[in-house]
Amino acid sequence: MLLRPGFNDIKTILFYSGKIILGLSFTMLIPAIVGLLLGEVNPCLDFVIATAIAFICGILLTESCTRHQELRWMHGMVTVAVSWLAAMTLSAVPLFLSGHFKSFLDACFETMSGFTTTGLTLVQNLDHLSRTHNLWRHLGPFIGGQGITIIALSFLIKGGAGAIKLYIGEGRDEKIVPNVINTSRIIWFISIVYLVIGTTILGIIGITIGMKPLNAFFHGTCVFMAGFDTAGFAPQSQNILYYHSLRYEIVTIFFMLIGAFNFNLHYQVWRGNAKEIFKNIEARVFLISIMFTFFLVAIGLHQLGIYPNALMLFRKGCFQLLSGHTTTGYMTIYARQFITDWGNLALVALIIAMANGGSICSTAGGIKMLRLGIAFKALREDIKKMLLPDSAIVIQKFHHIKDIFLTDNQARGVLTITLLYIALYLGGALAGMLYGYPFLESLFESTSAAANVGLSCGITDAAMPVGLKIIYIIQMWAGRLEFVAAFALIGFFVAAIKGK
Amino acid sequence: MKQLVIRILSAGLLCVYLLSELTFAETLSSTQLINNAKEYDGQKVTYTGEVIGDTMARGAYAWININDGVNAIGVWASKDSIKEIIYRGSYESQGDIVETIGIFHRSCAEHGGDLDIHAERILKKNTGRILREPLDTRKINLAFLLAVLALGIWLLFRLIARLRR
């Protein structure tokens, strides 16, 4: 029997959503201040307007829906789902006011793409966009990659049993330390240390390749944030091709890779446990998956002879493949070249890489390496059981930070999420085909949206059908939250209508 | 007289050469070049657009990126040929409009497989300008109104909370 949510349930959800919106409003002050310092007054005003709107919404919700009860699982999940939609809408205000988006929906698409670290873009005339707005485009992935609720958990919400429900609702399966608040702070600490290092390195490289110092460091900050957070936004319309630099590409690859690794793994390595990289099931599966998909990409590109020598094939193939596999979406080729130049085999390999994705508890999307590793272990256990006598006890274990025995519950959970991702990829592809796009292109774009990748073969464009924009927004949102929070929101509405 | 005839003939031949150069270099858009890269690979093309972003010097050459309104394509040009470029497109400025005549590469062997154009000649068609966006008074009014409203609501709730205590 479904229980209809009460008034207090709604107030609890709105209270926590208000807290998260308040956190978001403070982050919008960053581009406002930067805009003021750079003398970009109109863009600065866009952010003052957006900050004020978000602050008013946040304060009204938190003050009028004072908390009456402890956060339950249902509250936590629905709060996360609602907060992400609210964050998308409120963050779209300054982008829409910039005049670089054809509609408010396009601006919403951009912010959802940013927060979910996807990187698909509908911005117009990007090469003339202000630094203030560009900074916000790139801050979005940095906030959303770590987690919108993680900001609130780190700074605005006091500890308690409720925090874990918000944390897990945002698609994070594990904690680094027992306390969720401390876990959130560690995630921020790791990210900010890398931000300083990454911006410095990319800024210096930018100067050496001929960029002006201010531009070099601004681009360095943006490219790092969108690279480490596996988003794939760039300050210029040519994406990483703009820089025409192997050095820039190599450093970007490095940050994409570390961004796709589990924060827990980073923490272990920082604590001196470097061996964990070699033992960890995620790192191993990641390596195997990269090697397998790159092998296919290389064969596909070699068959078509697009790149005259192996070095060029490696540079272009490797960059696009790693960008897809880490779910970043940075490109050093033009979107249409995937269709006109790459051929079916390389394209299918890239789709597989995008679908697989990065690590859990990272900023990457997709099915994720731990799930693939567990699914493989479960399959091996089943095959062993068939081959061994009935009396034999088969035990599978895997190493992820510690040795873990594989249970049926774990395997079932992993397979459910994996199936949901596959259904989301195929569902989006079907929608694309219904709008008249070819199968492979539809599957490529759908997988890119649902796995939060951001590589595009050209479908994502301001001129694409409104329905498809909405479908991609839903795919990005559901994929980033790993379904649970999205289903909780649907369940909440069903219970509100049908419950007793 | 003989010298004059030679000069006229030389000038005529130069004109014919330059015209033939221009005639053979087909004027193309970025979309045509990207979508039909195989067809135009290694051919002389003419591509026109706005210079955007940085001019990135690399030795005696430099990279400029030229946007024709749909896509931007990287152009590899000698430093001498881009001397006349003053403005580069950004938030603050409208870049110079230039016409590039050069060899198009679908995957350039010299530049790691990039799709690019190696410029033989760059002609400035229009000079860009500094963009001075006027202050938007509607935005100023709205920002002020919303900021005051936000502050007012916050103070009101603080006051209510104090009274309750």
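Derivation of every value follows stated rules applied to the coordinates shown; laboratory data play no part. This is a predicted model, so every value here is computed, not measured. Neighbour counts run over all protein chains shown; Cβ positions are idealised from the backbone, glycine included.
For the protein assembly as shown, compute Rg over Rh where Rg is the Cα radius of gyration and Rh is the Kirkwood radius from the inverse mean 1/r over Cα pairs.
Numbers: Rg = 27.0 Å, Rh = 26.5 Å.
Rounded to two decimals, Rg over Rh is 1.02.
Here region A:188-244 and region A:398-458 have alpha carbon centers that stand 29 Å from each other. Using a cut-off of 27 Å between Cα atoms, the listed pairs A:LYS469/B:LYS139; A:LYS275/A:LYS377; A:LYS368/A:LYS500; A:LYS11/A:LYS469; A:LYS212/A:LYS469; A:LYS165/A:LYS385 include A:LYS469/B:LYS139; A:LYS368/A:LYS500; A:LYS11/A:LYS469; A:LYS212/A:LYS469; A:LYS165/A:LYS385 as exceeding that distance. Once backbone amide H atoms are built at 1.01 Å from N, B:ALA57 has B:TRP63 as its partners under 5 Å, excluding neighbours fewer than 5 places away on the same chain. When the P(r) of region A:236-346 is calculated, the portion above 25 Å amounts to 28% of the C-alpha pairs. Scalar couplings 3J(HN,Hα) for region A:212-226, obtained by applying the Karplus form with A = 6.51, B = -1.76, C = 1.60 to θ = phi - 60°, are 6, x, 4, 5, 4, 6, 5, 4, x, 5, 5, 5, 5, 4, 7 Hz; x denotes Gly and Pro. Computed over region B:24-130, the range of Cα coordinates on each principal axis works out to 38, 29, 24 Å, biggest value leading. Taking other C-beta atoms within 10 angstrom as a stand-in for reagent exposure, A:LYS11, A:LYS368, A:LYS165, A:LYS385 fall in the order A:LYS385, A:LYS11, A:LYS165, A:LYS368, fewest first.
Estimated from helices alone, the mean residue ellipticity of chain B at 222 nm is -12000 deg cm²/dmol (sum of -39500 (n - 2.57) over DSSP H runs with n ≥ 4, per residue). Each principal axis of the Cα cloud of region A:428-500 was taken in turn, and the coordinate range along them, longest first, works out to 47, 21, 21 Å.
Quotient of the Cα radius of gyration of region A:294-411 and 2.2 N^0.38 Å, N being its number of residues: 1.40.
Determine the calculated [θ] at 222 nm for chain A from helices alone, applying -39500 (n - 2.57) to every DSSP H run no shorter than 4 residues and normalising by the residue count; nearest 500 deg cm²/dmol. Estimated from H runs of four or more residues: -22500 deg cm²/dmol.
Reducing region B:58-73 and region A:1-48 to their Cα centroids gives an inter-centroid distance of 39 Å. Near A:GLY357, the amide H atoms lying under 5 Å from its own belong to A:ILE367, A:LYS368; only residues 5 or more places off or on other chains count, and H is placed 1.01 Å from N. The three principal axes of the Cα atoms in region B:81-165 give end-to-end lengths of 78, 32, 16 Å, sorted in falling order.
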